[in-house]
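Reading through the structure tokens given below for one structure.
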């Protein structure tokens, strides 16, 4: 697959009141053609700034941005073949849904008949055929979300940028939209760059994820790589729950901390295989989460870990327990 | 009739409006249908005289002839008020835009600056314009010293001076409502527009102006109505040649001592303005619906 979007050592410095802030710090990144690429990170990590730099809504301080080999660093947003789905949707309140969707094509100077056909098709794609004449204010949040998506996708951009686009929706709707987004991405073949702070969303939708931290990329990889082989403790902690304990607990070197995911642990496992690492502790809390049950264990060293085994035995708090983790599930990464 | 409790809260309002708004207005309406007393005041006798004077002027032999003189004054007043309103939009919008794009703290300062002229009486401020515009005034002195003109320009006592005075007087009433809509506007819509291939001019035309229309309309009403009835600017800056409706009405009550005629002109003007307002209100409602 060829590179669609290339970000070459881009830095963005905001000259705030006294201390300048580097929102994006010498960041390089290649995003492939037809890829569902996610920028994941906590708020303030620079992911939205990076997205706005790609859209042209912010100017780079240094570095270059290439789109299909063309340098677009200095192009204004209206001359970049890139469209954005904004966090709050930013639908034009004085235009109908159809006018909103057709706005980009109208600005591109396409003939009215072509726009009308494209808008009808787009409304069909987002399953809102009947609502073309409504105003955005008359739609529900989920419908507005789909209109914003159609308004961007109808222009067939080289890259579609999505800025925390699902975060305003409630849980059920968000799950539906995640599937819908994936479907649209497959059907259109457009490269998606998706910004989110929700690790579940990132893991379930992305082809590749870049975890961002303080304006830099902490790790770049597939969801599996990010989850099972986090490059740093920050990544491990940010993606899901990760227990970090001194290696001595498992009879390993005491100079290194090791990590493991709660769901990789097995409780009171008498039939553990060779190579499984065992440890002991006292069960302090049990929290029920529906699909899983979390067991809080205090180890002899005083460290606390959370276990979420696939099979949860009947246990009462304050009992001594043994748990094991398969050796290949152990996470060893830089602190 | 007894008023329900919440309505009692409106009593002070009704008293003030009744005494100082409905009563004078009613009196004006009644006076316009009465006969003029020779030295001012009215004779309590029904007459169309006030309205007739508007369209007919007695010729030398005393026979009333149709005359457009007063209609022309109405027309020129409306024209002047329209020009003033348009100029205020063109000056007020960029100003409001500049204000609304400042950091929040600076914006408050700008609002104070815009309202500073109201701290001084309009009469004094208009008089200041005479000092600036007259032949040996500030403007001509500067232009002369700069070598741009040989002889002083006639800046005072013409339509230019009156328009300038009107625009100057009512500009804040345009700036503030537009500023209010701009300040509330969702600026992300502008980013969305630019992201969707609209350049600056098209973003202004397709997004910003439609969203600001309520403010522009409100400002236009606030400028147009006082401008059409204004007499100070025409009186002081226009000299004897520039007659506006306000001057005409004022003259009937004072120098001409024809109260019914003055009242009749007021009624006609009020009717005209009311009609215009209703048109704007209807359009405004349409815009509100569109923005819902």
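Here's the yes/no breakdown for (1) part of a loop (DSSP other than H, G, I, E, B); (2) closer than 15 Å to residue A:160 by Cβ; (3) within 11 Å of chain B (Cβ to nearest Cβ):
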| residue | (1), (2), (3) |
| --- | --- |
| A:49 | no, no, no |
| A:59 | yes, no, no |
| A:64 | no, no, no |
| A:78 | no, no, yes |
Criterion violated by residue A:224 - all others in (1) under 30 Å from residue A:307 (Cβ atoms); (2) at pLDDT below 90; (3) part of a helix (DSSP H, G or I); (4) out of contact with any helix residue (DSSP H, G or I) (no Cβ under 8 Å at 6 or more places or on another chain) satisfied: (2)
Entirely in segment A:126-213, the helices (runs of 4 or more DSSP H) that have 2 or more residues that are surrounded by 15 or more Cβ atoms within 10 Å (Cβ to Cβ) and within 14 Å of chain B (Cβ to nearest Cβ): A:141-153
Yes/no for residue A:105 being crowded, with 22+ Cβ neighbours inside 10 Å and within 13 Å of chain B (Cβ to nearest Cβ): yes
Qualifying residue in segment B:149-160 (condition: out of contact with any helix residue (DSSP H, G or I) (no Cβ under 7 Å at 6 or more places or on another chain), in a helix (DSSP H, G or I) and within 14 Å of chain A (Cβ to nearest Cβ)): no
Exclusive hit being closer than 30 Å to residue B:132 by Cβ, at pLDDT 85 or above, assigned to a helix (DSSP H, G or I) and within 14 Å of chain A (Cβ to nearest Cβ), set B:207, B:228, B:216: B:216
Search result, residues across segment A:60-93 that are without any contact (Cβ under 8 Å) to a residue 24 or more places away in the chain and crowded, with 21+ Cβ neighbours inside 10 Å: A:77
Complete set of residues in segment A:26-47 that are surrounded by fewer than 22 Cβ atoms within 10 Å (Cβ to Cβ), under 15 Å from the mean Cα position of the chain (by Cα) and over 15 Å from residue A:159 (Cβ atoms): A:42, A:43, A:44
Selected residue [more than 14 Å from chain A (Cβ to nearest Cβ), at negative phi and touching a helix residue (DSSP H, G or I) at 6+ places or on another chain (Cβ under 7 Å)] from B:244, B:278, B:270: B:244
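The values are calculated or read from the model by the stated rules, or taken from the named source; none is laboratory data. Note that the coordinates shown come from a computational prediction; the quantities given were computed from them, not determined experimentally. Note that we place each Cβ from the backbone using ideal geometry, even for glycine, and neighbour counts take in every protein chain shown.
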